[in-house]
Amino acid sequence: MLPKKQRVSRKLFETVFRSAATISSPFFVLKIKEAKENRFAFSVSAKICPEAVDRNKLRRRGYAAAQNLLPQIKKLAVFLFIVKKGAEKLNFQKLQEEIKNVLHKSGVV
């Protein structure tokens, strides 16, 4: 799990959500905005996972995958991952691979 200082606050989330560049993949919508340090957020809608337990589990897996990929990220930015339908069925390895692919698509890995 990422330390709290590397996660995005609600206030920063709203700011970045409105003004960030967007990249889509089959399982995520990634919003990126340059910043002074790397920060991550994973947003999972109740439409994707109706149970809070499942939403939280998916978020925790996302943060763990982001922590593993942190040394490979070359650009300082705020990363907002909005989870799409189907991502809840991925195991951890596939989830990490998908996150890496979308980061690669954005040019930060």
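The values are calculated or read from the model by the stated rules, or taken from the named source; none is laboratory data. Given the structure is predicted, the values throughout are model-derived calculations rather than measurements. Please note: Cβ atoms are built from the backbone with ideal geometry, for glycine as well, and neighbour counts cover all protein chains shown. Ligands, DNA and RNA are excluded from the accessible area calculation, which covers all protein heavy atoms including side chains. Shrake-Rupley method; radii C 1.70, N 1.55, O 1.52, S 1.80 Å.
Assorted remarks:
- Per residue, in Å², the accessible surface of the chain once ligands and nucleic acids are set aside, probe 1.4 Å: 60
- Fully extended contour minus Cα-Cα distance, from K4 to E34, at 0.36 nm per residue: 8.9 nm
- Take the Cα of N91, step 7 Å toward its Cβ, do the same at V53, and the gap between the two points is 2.1 nm.
- Positive-end residue, the chain charge dipole about Cα centroid, Cβ charges, pick of S106, F13, L95: F13
- Sequence-distant contacts, meaning Cα pairs under 8 Å at least 6 residues apart, place the relative contact order of the chain at 35 percent.
- For F40, the residues whose amide H sits under 5 Å from its own are R7, V8, F79, ignoring neighbours fewer than 5 places away on the same chain, with H placed 1.01 Å from N.
- Residue-count net charge about S25 - beta-carbon cut-off 14 Å; Lys, Arg +1, Asp, Glu -1: +4
- Karplus (6.51, -1.76, 1.60) ³J(HN,Hα), θ = phi - 60°, over the stretch 17-33, in Hz, Gly and Pro reported as x: 4, 6, 10, 9, 6, 10, 10, 10, 9, x, 10, 9, 10, 10, 10, 10, 9
- With the simple spin-label model, which puts each label point 7 Å out from Cα in the Cβ direction, the K11 to L70 separation comes to 2.3 nm.
- When peptides 72-80, 20-28 are ranked by their average number of other Cβ atoms within 10 Å per residue, the highest-first order is 72-80, 20-28.
- One equal scatterer on each Cα of the chain, no solvent, Debye formula: the resulting log10 I(q)/I(0) at q = 0.17 Å⁻¹ is -0.73.
- For the stretch 12-59: relative contact order, % (alpha-carbon pairs under 8 angstrom, 6 or more apart): 24
- Cα shape, the stretch 1-57, gyration tensor, a/c 1.5 rule: oblate
- In the assembled protein chains, V53 presents an accessible area of approximately 110 Å² (probe radius 1.4 Å).
- Secondary structure note: in the chain, about 65% of the DSSP beta bridges are antiparallel.
- F28 long-range amide H proximity, modeled H, under 5 Å: K84
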